[in-house]
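S.K.: Dropping a structure here in structure tokens format, bear with me for questions.
The values are calculated or read from the model by the stated rules, or taken from the named source; none is laboratory data. If you're wondering where the values come from, they're calculated on a predicted model, not measured in any experiment. Cβ placement follows ideal geometry from the backbone for every residue including glycine, while neighbour counts extend to all protein chains displayed.
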Amino acid sequence: MDLKINSFEEYQEKYQQSVEDPEGFWGEVAQSFYWRKPWKKTLEWDFNEANIKWFKGGKLNITENCLDRHLAENGNTPAIIWEPNNPDESTVTLTYKVLHQRVCRFANVLKKHGAKKGDRICIYMPMIPELAIAVLACARIGAVHSVVFGGFSSQSIADRINDAECNIVVTSDGSYRGNKEIPLKSTVDDALIQCPSVQKVIVSTRTRTPVSMLKGRDCWWEDEEKSVSGDCPAEEMDAEDMLFILYTSGSTGKPKGVVHTTGGYMVYAAYTFQNVFQYQPGQVHFCTADIGWITGHSYIVYGPLASGATSLMFEGVPTYPDAGRFWDVVEKYKVNVLYTAPTAIRSLMGFGTGFIDGKDLSSLTTLGSVGEPINEEAWHWYDDNIGKNKCPIVDTWWQTETGGIMISPIAGITPTKPGYATLPLPGVQPVLVDEQGQEIEGNDVSGNLCIKFPWPGIIRTTYGDHERCRQTYFSTYKGMYFTGDGCLRDADGYYRITGRVDDVINVSGHRIGTAEVENAINMHLGVVESAVVGYPHDVKGQGIYAYVICEKTPADADLTRKDILATVTRIIGPIAKPDKIQFVSGLPKTRSGKIMRRILRKVAEGETSNLGDISTLLDPAVVEEIKSGAL
Ligand code: PRX
């Protein structure tokens with residue numbers, strides 16, 4: 001069955017149907033996948049308890065949908081095209097047939113090392129084909145993958161491994177990013193000192209940097225592949241069996257393991273992929289995200305492969321060897337769909353259009369944006385210089401927790417408006433609510449964005465702590481899923497996401513919890529307390545501004561700043577490094593000891609003239625000091 005919507009009228013009809021009869025709507029969509037046994041009940045849900053089940057009783061394996069079912073007719077179609085960091089190195093194309101073989105073989109490697117259905121496996125790898133293979137091999141045998149982005153520190157890896165009690169880690173010796181070589185295996189080794197659950201580490205070769213290999217625990221991917229059969233029947237999974245865990249930051253210190261299950265996630269990732277991008281068979285889809293984030297899970301691996309598409313996987317960075325790299329890749333592979341983040345667009349804008357001149361971008365049909373609000377200037381630059389005013393831009397709003405795109409234009413079908421994610425996809429019922437939890441009806445209004453009805457890709461739980469899932473997403477507003485985002489609905493009913501309303505900052509499209517950064521800073525010798533807020537940043541969207549109280553005034557402030565950055569890098573990773581650190585002697589606290597972040601945010605934004613009411617502060621004098629020392 002073709003899942004694609006073909007006109008705006010059809011979108012409106014489907015949307016209506018999806019609201020009036022969600023079960024009928026999604027039941028029909030789900031028919032187009034391969035199920036070993038049909039489901040008995042399409043939807044069972046209770047937002048108060050955070051219990052959501054889609055396609056209950058249905059049996060399937062997602063890899064049969066992503067691989068096996070394409071073999072007969074499309075076995076020779078490229079499934080994954082891989083472009084290495086260094087453009088002079090050879091590229092790799094894996095057809096569906098070859099990808100199937102490699103996934104089956106590696107699935108048997110996992111089995112040989114004791115992996116079984118339900119086990120959690122941590123994957124910490126560069127953007128090489130083996131990463132996608134490892135992900136799919138887990139799914140093949142029913143093991144739950146937990147991919148950790150290759151930029152996270154050993155401490156972050158250890159926290160994630162321990163939270164999920166992973167028994168196997170799949171990694172690489174190292175990774176290449178631009179002109180840097182990053183040691184991955186040694187970072188894993190450091191992590192594993194704290195991880196008693198891990199029995200085996202499987203290492204694929206990428207940089208061939210020297211690594212220590214522990215007898216009995218570590219083995220080489222390439223050697224192991226030779227010792228197993230290439231035949232691996234897929235494990236039969238229940239629609240609600242766990243598919244993966246992906247950790248993401250929230251308002252509290254500890255990242256949470258967002259859990260997605262098999263059936264609903266598959267249906268949602270593929271449905272949104274085919275519709276939003278209007279993917280046509282034979283096209284090349286280039287999503288520039290890393291598989292370590294949800295965007296890579298849904299729109300490099302599962303969505304495209306479940307749709308029989310060709311997915312381009314890029315190992316490098318947009319500015320290496322120069323700022324024309326994306327355009328070289330588009331030209332080289334005749335990319336049709338380019339899906340990237342506003343931060344990348346803004347950074348490339350800074351290099352001017354010289355790197356675009358002379359590059360053939362005529363293959364492009366659709367441009368996508370994800371991860372953070374896209375400012376109008378970047379939207380127009382993307383439209384004018386990359387899409388040449390001929391490619392629709394889909395500004396896709398969604399989250400790790402939503403599994404797939406929620407509010408977005410359908411390419412070429414929904415009229416777009418710069419800065420707007422436009423309209424909800426079929427099956428998505430957004431509502432704006434005020435502080436009291438009242439739904440705000442009508443248009444030309446703004447409020448907190450909630451979703452009032454489940455969709456198949458919705459988060460099922462936070463690993464090991466269901467109550468946390470209930471509290472975080474389903475308790476703020478009764479009977480609704482709360483997104484954590486602020487949003488406005490304009491006179492035309494179009495949605496524009498205005499940013500997080502909680503203590504989460506979005507740096508270069510990556511979610512970082514302020515509490516997480518504060519905890520890391522506070523671990524530094526001599527730091528007494530800190531407070532972290534976001535502030536507008538030209539390229540990153542938001543930057544991280546830290547106010548830090550030290551025991552003693554630092555003798556060399558610059559050096560202490562660098563030391564603190566080193567500590568944050570060690571505890572979380574370079575992505576969480578503050579852009580600015582201001583040393584202060586106190587923080588603006590209320591009498592009950594709560595930090596008034598509103599004031600800190602204003603100072604960080606450079607808006608010191610109107611700080612609002614500060615009379616409730618315990619010591620209003622600290623505000624003057626903070627203002628005068630603002631960076
Ligand atoms: O604040 C929203 C922002 O990114 C958050 C979700 O981050 P994460 O779970 O890491 O997933 C990112 C990729 C899906 C959201 O709560 N966000 C995401 N897309 C947009 C966006 N903000 C505005 N416009 C978007 N298109």
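S.K.: Might you check whether a residue that is out of contact with any Asp or Glu (no Cβ under 6 Å at 6 or more places or on another chain), under 24 Å from CYS391 (Cα atoms), touching a residue at least 60 places away in the same chain (Cβ under 8 Å) and of a type outside the set (S, T, N, Q) occurs anywhere in the range 252-269?
M.R.: Yes, the range 252-269 has at least one match.
S.K.: To continue, here is another question. Of the residues in the range 484-535, how many are away from the ligand (no atom under 16 Å from the Cβ), surrounded by fewer than 18 Cβ atoms within 10 Å (Cβ to Cβ) and part of a strand (DSSP E or B)?
M.R.: Count: 2.
S.K.: Okay, next question. Among the numbered criteria (1) out of contact with any helix residue (DSSP H, G or I) (no Cβ under 7 Å at 6 or more places or on another chain); (2) in contact (Cβ under 8 Å) with a residue 60 or more places away in the chain; (3) part of a loop (DSSP other than H, G, I, E, B), which single criterion is violated by THR343?
M.R.: Of everything listed in (1) out of contact with any helix residue (DSSP H, G or I) (no Cβ under 7 Å at 6 or more places or on another chain); (2) in contact (Cβ under 8 Å) with a residue 60 or more places away in the chain; (3) part of a loop (DSSP other than H, G, I, E, B), THR343 misses just condition (3).
S.K.: To continue, here is another question. Search the range 69-86 for residues that are closer than 13 Å to GLN283 by Cα and pair each with any residue that is in a loop (DSSP other than H, G, I, E, B) when their beta-carbon atoms are under 7 Å apart and the residues are at least 6 apart or on different chains.
M.R.: Correct list of pairs: THR77/GLY308; ILE81/THR91.
S.K.: Moving on to the next point. Run down LYS359, LYS332 and say which single residue is under 24 Å from HIS380 (Cα atoms) and surrounded by fewer than 22 Cβ atoms within 10 Å (Cβ to Cβ).
M.R.: Details: LYS332 fails: under 24 Å from HIS380 (Cα atoms).
On inspection, the qualifying residue turns out to be LYS359.
S.K.: Condition first: part of a loop (DSSP other than H, G, I, E, B), acidic (Asp, Glu) and within 16 Å of the ligand (Cβ to nearest atom). Can you find one or more residues in the range 364-384 that meet it?
M.R.: yes
S.K.: Continuing with the same structure: Report, by residue number, each residue of the range 407-419 that is more than 9 Å from the ligand (Cβ to nearest atom) and touching a Leu at 6+ places or on another chain (Cβ under 9 Å). Reasoning before the result, please.
M.R.: Here is the first cut: in the range 407-419, the residues more than 9 Å from the ligand (Cβ to nearest atom) are 409-418.
Those that are more than 9 Å from the ligand (Cβ to nearest atom) and touching a Leu at 6+ places or on another chain (Cβ under 9 Å): PRO409, ILE410, ALA411, THR414.
S.K.: Taking only pairs six or more apart or across chains, which ones have beta-carbon atoms under 8 Å, a first residue in the range 112-127 that is touching a residue at least 40 places away in the same chain (Cβ under 8 Å), and a second residue that is of a type in the set (Gly, Ala, Ser) and surrounded by fewer than 15 Cβ atoms within 10 Å (Cβ to Cβ)?
M.R.: Listed by first residue and then by second, the contacts come to LYS112/SER227.
S.K.: Of everything in the range 142-155, what is farther than 20 Å from GLU181 by Cβ and either touching a His at 6+ places or on another chain (Cβ under 6 Å) or small (Gly, Ala, Ser) (or both)? Give them in sequence order. Spell out the reasoning first.
M.R.: Initial filter on the range 142-155 (farther than 20 Å from GLU181 by Cβ): 142-147, 155.
Correct list: GLY142, ALA143, SER146.
S.K.: Moving to a separate point now. Across the range 428-460, what is the number of residues that are of a type outside the set (Val, Ile, Thr), over 15 Å from TYR477 (Cα atoms) and surrounded by 21 or more Cβ atoms within 10 Å (Cβ to Cβ)?
M.R.: Within the range 428-460, residues that are of a type outside the set (Val, Ile, Thr), over 15 Å from TYR477 (Cα atoms) and surrounded by 21 or more Cβ atoms within 10 Å (Cβ to Cβ) number 4.
S.K.: Also: Report, by residue number, each residue of the range 578-596 that is in contact with a Pro (Cβ under 9 Å, 6 or more places away or on another chain) and not aliphatic (A, V, I, L, M).
M.R.: Kept after step one, since they are in contact with a Pro (Cβ under 9 Å, 6 or more places away or on another chain), are these residues of the range 578-596: 583, 588, 595-596.
Answer for the range 578-596, where residues must be in contact with a Pro (Cβ under 9 Å, 6 or more places away or on another chain) and not aliphatic (A, V, I, L, M): PHE583, PRO588.
S.K.: Is it fair to say ALA137 is crowded, with 24+ Cβ neighbours inside 10 Å and assigned by TED's automatic domain parsing to the domain that holds VAL203? Don't jump to the end; show me each part of the working.
M.R.: Details: crowded, with 24+ Cβ neighbours inside 10 Å: yes; assigned by TED's automatic domain parsing to the domain that holds VAL203: yes.
Yes, satisfied.
S.K.: Are any residues in the range 536-562 part of a strand (DSSP E or B) and either small (Gly, Ala, Ser) or over 23 Å from ALA289 (Cα atoms) (or both), and if so, which ones? Working first, answer last.
M.R.: The initial filter retains those residues of the range 536-562 that are part of a strand (DSSP E or B), namely 536-537, 541-550.
Correct list: GLY541, GLY543, TYR545, ALA546, TYR547, VAL548, ILE549, CYS550.
S.K.: Specify which of the listed residues (SER204, SER186) is touching a helix residue (DSSP H, G or I) at 6+ places or on another chain (Cβ under 6 Å), hydroxyl-bearing (Ser, Thr, Tyr) and in the same structural domain as LYS111 (by TED's automatic domain parsing). Break it down into steps so the answer makes sense when it comes.
M.R.: Working: SER186 fails: touching a helix residue (DSSP H, G or I) at 6+ places or on another chain (Cβ under 6 Å).
One residue alone meets the criteria, SER204.
S.K.: Counting only residues that are in a strand (DSSP E or B) and either touching a helix residue (DSSP H, G or I) at 6+ places or on another chain (Cβ under 8 Å) or under 21 Å from SER475 (Cβ atoms) (or both), how many does the range 35-58 have? Spell out how you get there, then give the answer.
M.R.: Here is the first cut: in the range 35-58, the residues in a strand (DSSP E or B) are 37, 41-46, 51-56.
Checking which are either touching a helix residue (DSSP H, G or I) at 6+ places or on another chain (Cβ under 8 Å) or under 21 Å from SER475 (Cβ atoms) (or both) leaves us with 42-46, 51-55.
Residues flagged as in a strand (DSSP E or B) and either touching a helix residue (DSSP H, G or I) at 6+ places or on another chain (Cβ under 8 Å) or under 21 Å from SER475 (Cβ atoms) (or both) within the range 35-58 amount to 10.
S.K.: Being under 15 Å from the mean Cα position of the chain (by Cα) and either in a loop (DSSP other than H, G, I, E, B) or surrounded by fewer than 18 Cβ atoms within 10 Å (Cβ to Cβ) (or both) is the filter here, so list the residues in the range 385-422 that pass it.
M.R.: The answer is TRP398, GLN399, GLY403, GLY404, ILE405, MET406.
S.K.: Any idea which of VAL533, VAL527, VAL539 is out of contact with any Asp or Glu (no Cβ under 6 Å at 6 or more places or on another chain), closer than 15 Å to SER249 by Cβ and β-branched (Val, Ile, Thr)? Walk me through how you get there before you give the answer.
M.R.: Numbers: VAL527 fails: closer than 15 Å to SER249 by Cβ; VAL539 fails: closer than 15 Å to SER249 by Cβ.
One residue alone meets the criteria, VAL533.
S.K.: For the range 567-620, name all the residues that are free of Cβ contacts under 8 Å to residues at least 24 places away in the same chain and not in a loop (DSSP other than H, G, I, E, B).
M.R.: Listed by number, the residues that qualify are ARG598, LYS602.
S.K.: Kindly indicate whether LEU71 is within 27 Å of the chain's Cα centre (by Cα) and aliphatic (A, V, I, L, M).
M.R.: Working: within 27 Å of the chain's Cα centre (by Cα): no; aliphatic (A, V, I, L, M): yes.
The answer is no for LEU71.
S.K.: Same structure again: Write out, first by first residue and then by second, each pair whose Cβ atoms fall under 7 Å of each other, whose residues are 6+ apart or on separate chains, and whose first residue, in the range 143-171, is free of Cβ contacts under 8 Å to residues at least 40 places away in the same chain while the second is among the aromatic types (Phe, Trp, Tyr) and in a strand (DSSP E or B).
M.R.: As it stands, the answer is ILE157/TYR124, since those pairs meet every condition given.
S.K.: Residues of the range 385-403 being touching a strand residue (DSSP E or B) at 6+ places or on another chain (Cβ under 7 Å), of a type outside the set (Asp, Glu) and within 8 Å of the ligand (Cβ to nearest atom), which ones?
M.R.: Filtering the range 385-403 down to residues touching a strand residue (DSSP E or B) at 6+ places or on another chain (Cβ under 7 Å) leaves 386-387, 391-397, 399-401, 403.
Checking the rest, the ones that are also of a type outside the set (Asp, Glu) come to 386-387, 391-394, 396-397, 399-400, 403.
Within the range 385-403, THR396, TRP397, GLN399, THR400 qualify.
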